[in-house]
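Have a look at the structure that comes next, please.
The values are calculated or read from the model by the stated rules, or taken from the named source; none is laboratory data. The structure presented is a predicted model; accordingly, all values stated were derived computationally and were not measured. Every residue, glycine as well, gets a Cβ built from its backbone with ideal geometry; the counts of neighbours run over all protein chains shown.
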Amino acid sequence: MGVQFRSLVIACAMVFEMLHASAPGWADAGALAAGLAGLRSSDFQVRARSIEQIAESGEAQAYAALSALLDGRLYVRQGDEAVVIGSEGSSGFAAVDALTGADLGTADKVDFKKVVINNQMRGALRIALARLSLHAPDASARRDAVDSLFGSLSSETIDLVREALTSERDEGVRRAMQTALALADIASPDRDDRRRAVETLSHSLHAEARTRLAGLLETDAEGKTRERDPEVVQAAASALEHIDRMRAMYGVVETVFFGLSLGFVLVLAGTGLAITFGVMGVINMAHGELMMLGAYATWLVQEAMPGHLEVSLFAAIPFAFVVSALAGIAIERGVVSFLYGRPLETLLATFGVSLVLQQGVRTIFSPLNRAVATPAWMSGQLVVNGALAINYNRLYIIVFSIAVFLALVALLRFTRMGLQVRAVAQNRAMARAMGVRAGWIDAVTFGLGSGVAGLAGVALSQLTNVGPNLGQSYIVDSFMVVVFGGVGNLWGTLVGGLSLGIANKFLEPYAGAVLAKILVLIFIILFIQRRPRGLFPQRGRAAEA
Amino acid sequence: MRTTMRIHALVAATLAASLWLAPPARAADTIKVGILHSLSGTMAISETTLKDTMLMLIDEQNKKGGLLGKQLEAVVVDPASNWPLFAEKARQLLEKDKVAAVFGCWTSVSRKSVLPVFEELNGLLFYPVQYEGEESSKNVFYTGAAPNQQAIPAVDYLMNDLKVKRWVLAGTDYVYPRTTNKILEAYLKAKGVASDDIMINYTPFGHSDWQSIVADIKKFGSAGKKTAVVSTINGDANVPFYKELGNQGVSASDIPVVAFSVGEEELSGIDTKPLVGHLAAWNYFMSIDAPINKEFIKTWHAFIKNPKRVTNDPMEAHFIGFNMWVKAVTKAGTTDPTAVQKAILGVEAPNLSGGMAKMLNNHHITKPVLIGEIQEDGQFATVWKTDSLVPGDAWSDYLPDSKIIEADWSDKLNCGNYNTVTKKCSGQNY
């Protein structure tokens, strides 16, 4: 860890070396030293000025120091007041001198005091780092740097961007830089400059572009637009219209994605229930708690492997499946099998089991929520363009849900056990006559449905709070999906879940979160009046019976 | 027949013997204090620590010799985040256990549920949590912040120091956020903010799907004017909210979120990385550098036997409220509620920032206001505070209906809901 960190610092220094070599500035070691000393001050204003000083020093170490400050890794050593970049590794606290980059070895963390920053400093740091990154070796880093400067284009920044554009070869970065320059040119006194800027901005979906164009068309008290030249006004108006159309289209795509991600979570939650309810006719009110057990299993796995957060989810998946499946089989053998054929009693009994599970978790762990961390590869967004960005965690959960669903369908369709499950569901007596052990299959089916609930719990642990009440939040949604999609039909659950998710997300901007849910519920109630069996009802004599 | 008579005689003798042998029912020589906080259910995460705080304060007082020469006895009940159960438990504490005072409640709905019980049975409730105002009862002492001691100063800080021009008021859907947002909307409009620059949004308790709302906030905030979110989101819905802000790349320096219901206790159980830099407005932070605060934290850690436990604003409110009650009882010479209600007006007790809190005639207290930034370790770093203590105002001056209402429980008015225009005192407005 210490070696990795040191090479990172060296890499940052090299980045800056390249910038330093290509930028026409001059390196001022004194400015860097003075800036670092200023960071020791307890006055936030002095610290803010120090950031400027460090950024403008032109020294190779400036980028590493500022980046460490933003990440909360810059410390002051007690005693000699040296400013260091620290990192905690398995071998202890590794320190690197911020001024020279020299390795200071490992030390006791207690000797170092972190340099605290506030929001204003954070804003200034991001701008300073973005400006320094304009010459980074990686194209996407340069692109991100330009994007983050859009909202704060001072004249010095514009000059830097203009100068960087001359040596820029990458198409994407060039476009971003030209957009940035166009944003500045919008205010230019020259009419042709403004016309060209409007033209460039009409292709940009960035929010800042739209704001500037709308600003040109703002009318003052007399009804005249801010922009006086009619040609520019017309160009701006049509550019704005084009942008709004594109943004509206991407807005719909975004809402569909939100709906799909909510829908797939519902599908995952409902699939387990579709199996137990649909195949066995058992109303399992403890289904939500089985999801909660899966979420707690994920937490336990994370606690058990503290250094391996990135792979903990992969380990949690089989573990959660097994835990919830075993719990499900225990419920089936202990409670449900005695009440076979009596749905009301099963409902009451499983409700009781759900209360026992909830209180059990409260007693064994605590009534407080458990903190389940999200691995780095699942955090953040995939930015498609200025109007559309997709969360990684939702994307992977959609992929995961599809995989689980397909695996389940394959299991039921292609394996011997799946065949027996389907046989028992269709005609129990006949299946028994054919030699299928119906009681054992009951337990397996329940276990399968519960295991899928556990997998849903793994997904939910990344999206919501893991606490004893987790099941209560999702049990109603699960039943809604199963009832709407058609009892006993997995494809019905899929279609039902996705349509409910998308409907909910389309209603939300207009009606608000609370009312959207109410409207969806009312819709289902009305739908069930017309088609009591759901979208894809079971057919056949056994089902009619 | 003779056997039955013998059995009857045996039973009668046993009963008589047990009554004679049982300890005589003597007048209570302890003073009972009721603790009405949820120890299970959705509010348990916030309220359990307040039960422990009260037990510690009672323990400390007993070490000092108790109250009026008697030891204090804590009566703990668990209303389990169930609002009707709060009223039942309150009645049980007052009628059956005959407690001298009750320290409890958290959500405004729990307080509204127990209010009729306390007014009917003339009990005393010390309520330690920030709330929406619009209430002043003879039987309740509000040691938490009124909107003018938390919400309004926070908005002032955002407007004046951070130059915020666009506002998102996001809250959970119940009385506290709805009323607070009503007050804030009126306040912002009075300061000249256009209604296009205010976005209001409500979500249910425990809401976890923040994708579209955060995307809307992002869009709302990218119109070129500095935007901030004023959050009255309560409970664990805060966790997925802040996570989603982090996921969508909304940092505290772009769109800061100032929360009124997120404190050290709520932060202690979650990963604070996505929250660093966001703000909260309270009257106390555990990080305050005052000797009395260090002392309190030390006592707390020794009592709870866990050096990792945090202290927070409602705990300070109980500390102030309990000490005020003790002083009032000592002054009045009795625990009788009516006498204490008279004696407690004007009583001063120390707060944990080094100043003194005073019980005002409207049953609110004076408090300093602090704005803090969330740090990685779940503590707050104070970035702004009021120069002097702010007196709590029960009836907001920014709503036309309550501007004209005054609360004064001293002999001058002896009314919590006095209309200064019609010069009439009306019953409790709930």
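Free of Cβ contacts under 8 Å to residues at least 12 places away in the same chain, assigned to a loop (DSSP other than H, G, I, E, B) and surrounded by fewer than 17 Cβ atoms within 10 Å (Cβ to Cβ), is that true of A:Gly360?
Details: free of Cβ contacts under 8 Å to residues at least 12 places away in the same chain: yes; assigned to a loop (DSSP other than H, G, I, E, B): no; surrounded by fewer than 17 Cβ atoms within 10 Å (Cβ to Cβ): yes.
No.
Are there any pairs, at least 6 apart or on different chains, whose C-beta atoms fall under 8 Å, with the first in segment A:64-91 and within 14 Å of chain B (Cβ to nearest Cβ) and farther than 15 Å from A:Ala124 by Cα and the second polar (S, T, N, Q) and part of a strand (DSSP E or B), and if so, which?
Within 8 Å, the pairs are A:Arg73/A:Ser87.
Quickly run through segment B:167-188 and pick out the residues that are in contact with a strand residue (DSSP E or B) (Cβ under 8 Å, 6 or more places away or on another chain) and either among the hydrophobic types (A, V, I, L, M, F, W, C) or surrounded by fewer than 21 Cβ atoms within 10 Å (Cβ to Cβ) (or both). Walk me through how you get there before you give the answer.
Restricting attention to segment B:167-188, the residues satisfying the condition of being in contact with a strand residue (DSSP E or B) (Cβ under 8 Å, 6 or more places away or on another chain) are B:167-173, B:176-178, B:180-181, B:184-185, B:188.
Once the filter is applied, which keeps residues that are in contact with a strand residue (DSSP E or B) (Cβ under 8 Å, 6 or more places away or on another chain) and either among the hydrophobic types (A, V, I, L, M, F, W, C) or surrounded by fewer than 21 Cβ atoms within 10 Å (Cβ to Cβ) (or both), segment B:167-188 yields B:Trp167, B:Val168, B:Leu169, B:Ala170, B:Asp173, B:Arg178, B:Leu184, B:Glu185, B:Leu188.
Among the residues of segment A:289-302, is any part of a helix (DSSP H, G or I), of a type in the set (Asp, Glu) and surrounded by fewer than 24 Cβ atoms within 10 Å (Cβ to Cβ)? First the steps, then the outcome.
Here is the first cut: in segment A:289-302, the ones part of a helix (DSSP H, G or I) are A:289-302.
Imposing the further condition that a residue be of a type in the set (Asp, Glu) reduces the set to A:289.
Those left that are additionally surrounded by fewer than 24 Cβ atoms within 10 Å (Cβ to Cβ): none.
Checked segment A:289-302: no residue is part of a helix (DSSP H, G or I), of a type in the set (Asp, Glu) and surrounded by fewer than 24 Cβ atoms within 10 Å (Cβ to Cβ).
While we're on this one: Considering B:Ala381, B:Ala394, which residue is among the aliphatic types (A, V, I, L, M), outside any strand (DSSP E or B) and on the phi < 0 side of the Ramachandran plot? Walk me through how you get there before you give the answer.
On the way: B:Ala381 fails: outside any strand (DSSP E or B).
One residue alone meets the criteria, B:Ala394.
Of the residues in segment A:112-140, how many are away from chain B (no Cβ under 12 Å), within 17 Å of A:Leu39 (Cα to Cα) and assigned to a helix (DSSP H, G or I)? Give the steps one after another, and end with the answer.
Applying the first criterion (away from chain B (no Cβ under 12 Å)) to segment A:112-140 yields A:112-113, A:115, A:128-140.
If we keep only those that are within 17 Å of A:Leu39 (Cα to Cα) too, we end up with A:112-113, A:115, A:128-129.
From what is left, the residues that are assigned to a helix (DSSP H, G or I) are A:128-129.
Of the residues in segment A:112-140, 2 are away from chain B (no Cβ under 12 Å), within 17 Å of A:Leu39 (Cα to Cα) and assigned to a helix (DSSP H, G or I).
Here is a follow-up. For segment B:260-273, what are the residues that are surrounded by 19 or more Cβ atoms within 10 Å (Cβ to Cβ) and out of contact with any Phe, Trp or Tyr (no Cβ under 9 Å at 6 or more places or on another chain)?
So in segment B:260-273, the residues surrounded by 19 or more Cβ atoms within 10 Å (Cβ to Cβ) come out as B:260-268, B:270.
Those that are surrounded by 19 or more Cβ atoms within 10 Å (Cβ to Cβ) and out of contact with any Phe, Trp or Tyr (no Cβ under 9 Å at 6 or more places or on another chain): B:Glu265, B:Glu266, B:Ser268.
Which ones in segment B:220-240 are facing chain A (nearest Cβ under 7 Å), assigned to a helix (DSSP H, G or I) and surrounded by fewer than 23 Cβ atoms within 10 Å (Cβ to Cβ)? Before you say what the answer is, go through the steps one by one.
We begin by selecting, within segment B:220-240, every residue facing chain A (nearest Cβ under 7 Å); these are B:222-224, B:236, B:239-240.
From the residues that got through so far, the ones that are assigned to a helix (DSSP H, G or I) too are B:236, B:239-240.
Hit for segment B:220-240 is B:Pro240, nothing else.
Still on this model: Identify the residue in segment A:221-258 that is in contact with a Ser or Thr (Cβ under 9 Å, 6 or more places away or on another chain) and within 12 Å of chain B (Cβ to nearest Cβ) and, among all such residues, is nearest to A:Met480 (Cα to Cα).
A:Phe258
Within segment A:358-379, is there a residue that is within 14 Å of chain B (Cβ to nearest Cβ), of a type in the set (Ser, Thr, Tyr) and over 27 Å from B:Gly41 (Cα atoms)?
Among the residues of segment A:358-379, at least one is within 14 Å of chain B (Cβ to nearest Cβ), of a type in the set (Ser, Thr, Tyr) and over 27 Å from B:Gly41 (Cα atoms), which makes the answer yes.
Kindly provide the set of residues from segment A:202-230 that are without any contact (Cβ under 8 Å) to a residue 40 or more places away in the chain, assigned to a helix (DSSP H, G or I) and not basic (Lys, Arg), ordered by number. Walk me through it before giving the result.
Of segment A:202-230, the ones without any contact (Cβ under 8 Å) to a residue 40 or more places away in the chain are A:203, A:210-230.
Now drop any that are not assigned to a helix (DSSP H, G or I), which leaves A:210-216, A:230.
Matches in segment A:202-230: A:Thr211, A:Leu213, A:Ala214, A:Gly215, A:Leu216, A:Pro230.
So if I check each of A:Val452, A:Val476, which one is surrounded by fewer than 16 Cβ atoms within 10 Å (Cβ to Cβ) and either free of Cβ contacts under 8 Å to residues at least 60 places away in the same chain or under 27 Å from A:Glu303 (Cβ atoms) (or both)?
Just one listed residue meets the conditions, A:Val476.
Next question. What tally of residues in segment B:305-345 results from selecting those that are surrounded by 16 or more Cβ atoms within 10 Å (Cβ to Cβ), aliphatic (A, V, I, L, M) and more than 14 Å from B:Ile365 (Cα to Cα)? First the steps, then the outcome.
So in segment B:305-345, the residues surrounded by 16 or more Cβ atoms within 10 Å (Cβ to Cβ) come out as B:309-329, B:332, B:335, B:337, B:340-341, B:343-345.
So of that shortlist, the ones also aliphatic (A, V, I, L, M) come out as B:310, B:315, B:317, B:320, B:324, B:326, B:328-329, B:332, B:340, B:343-345.
This time we only want the ones that are more than 14 Å from B:Ile365 (Cα to Cα), so: B:310, B:315, B:326, B:328-329, B:332, B:340, B:343.
Final tally of qualifying residues: 8.
Mind listing just one residue for me: the one in segment A:196-225 that is more than 37 Å from the chain's Cα centre (by Cα) and crowded, with 16+ Cβ neighbours inside 10 Å and, of those, modelled with the lowest pLDDT? Walk me through it before giving the result.
At the first step, the residues of segment A:196-225 found to be more than 37 Å from the chain's Cα centre (by Cα) are A:196, A:219-225.
Still in the list and also crowded, with 16+ Cβ neighbours inside 10 Å: A:196, A:225.
Numbers: A:Arg196: 85, A:Thr225: 75.
This residue is A:Thr225.
Okay, moving on. Any residue in segment A:373-388 that is at pLDDT below 95, among the aromatic types (Phe, Trp, Tyr) and under 22 Å from the mean Cα position of the chain (by Cα)? Explain how you work it out, then say what you get.
So in segment A:373-388, the residues at pLDDT below 95 come out as A:373-388.
Imposing the further condition that a residue be among the aromatic types (Phe, Trp, Tyr) reduces the set to A:377.
Narrowing further to those that are under 22 Å from the mean Cα position of the chain (by Cα): A:377.
Checking segment A:373-388: at least one residue is at pLDDT below 95, among the aromatic types (Phe, Trp, Tyr) and under 22 Å from the mean Cα position of the chain (by Cα).
While we're looking at this one, here's another question. Within the bounds of segment A:298-311, is there any residue that is within 14 Å of chain B (Cβ to nearest Cβ), at pLDDT 90 or above and more than 19 Å from the chain's Cα centre (by Cα)?
Scanning segment A:298-311, I find at least one residue that is within 14 Å of chain B (Cβ to nearest Cβ), at pLDDT 90 or above and more than 19 Å from the chain's Cα centre (by Cα), so the answer is yes.
Filter segment B:209-219 for residues that are of a type in the set (A, V, I, L, M, F, W, C) and within 13 Å of B:Ala170 (Cα to Cα); which is nearest to the other protein chains (Cβ to nearest Cβ)? Give the steps one after another, and end with the answer.
The initial filter retains those residues of segment B:209-219 that are of a type in the set (A, V, I, L, M, F, W, C), namely B:210, B:213-215, B:217.
Add one more test, that the residue is within 13 Å of B:Ala170 (Cα to Cα), and what stays is B:210, B:213-214, B:217.
Details: B:Trp210: 9, B:Ile213: 7, B:Val214: 10, B:Ile217: 12 Å.
The residue in question is B:Ile213.
Residues in segment B:264-299 that are within 14 Å of chain A (Cβ to nearest Cβ) and not in a helix (DSSP H, G or I): how many? Can you show your working first?
Of the residues in segment B:264-299, the ones within 14 Å of chain A (Cβ to nearest Cβ) are B:264-280, B:287, B:289.
Filter once more, so that each one left must be not in a helix (DSSP H, G or I): B:269-272, B:276-280, B:287, B:289.
Residues flagged as within 14 Å of chain A (Cβ to nearest Cβ) and not in a helix (DSSP H, G or I) within segment B:264-299 amount to 11.
When only residues in segment B:356-378 that are within 14 Å of chain A (Cβ to nearest Cβ) and assigned to a loop (DSSP other than H, G, I, E, B) count, which is surrounded by the most Cβ atoms within 10 Å (Cβ to Cβ)? Give the derivation first.
Within segment B:356-378, the subset within 14 Å of chain A (Cβ to nearest Cβ) is B:371-378.
Filter again for assigned to a loop (DSSP other than H, G, I, E, B), leaving B:375-378.
Values: B:Gln375: 18, B:Glu376: 14, B:Asp377: 12, B:Gly378: 20.
Checking each candidate, the answer is B:Gly378.
Still on this model: Looking at A:Leu266, is it buried (at least 20 other Cβ atoms within 10 Å of the Cβ) and assigned to a helix (DSSP H, G or I)?
On the way: buried (at least 20 other Cβ atoms within 10 Å of the Cβ): yes; assigned to a helix (DSSP H, G or I): yes.
So A:Leu266 passes the test.
From the list B:Ala190, B:Ala145, B:Ala170, B:Ala186, which one is more than 30 Å from A:Lys505 (Cβ to Cβ) and touching a Ser or Thr at 6+ places or on another chain (Cβ under 9 Å)? Step through it out loud before you land on a result.
On the way: B:Ala190 fails: touching a Ser or Thr at 6+ places or on another chain (Cβ under 9 Å); B:Ala145 fails: touching a Ser or Thr at 6+ places or on another chain (Cβ under 9 Å); B:Ala170 fails: more than 30 Å from A:Lys505 (Cβ to Cβ).
So the residue among B:Ala190, B:Ala145, B:Ala170, B:Ala186 that is more than 30 Å from A:Lys505 (Cβ to Cβ) and touching a Ser or Thr at 6+ places or on another chain (Cβ under 9 Å) is B:Ala186.
In this structure, does A:Leu99 turn out to be in contact (Cβ under 8 Å) with a residue 60 or more places away in the chain, aliphatic (A, V, I, L, M), part of a loop (DSSP other than H, G, I, E, B) and away from every other protein chain (no Cβ under 14 Å)?
yes
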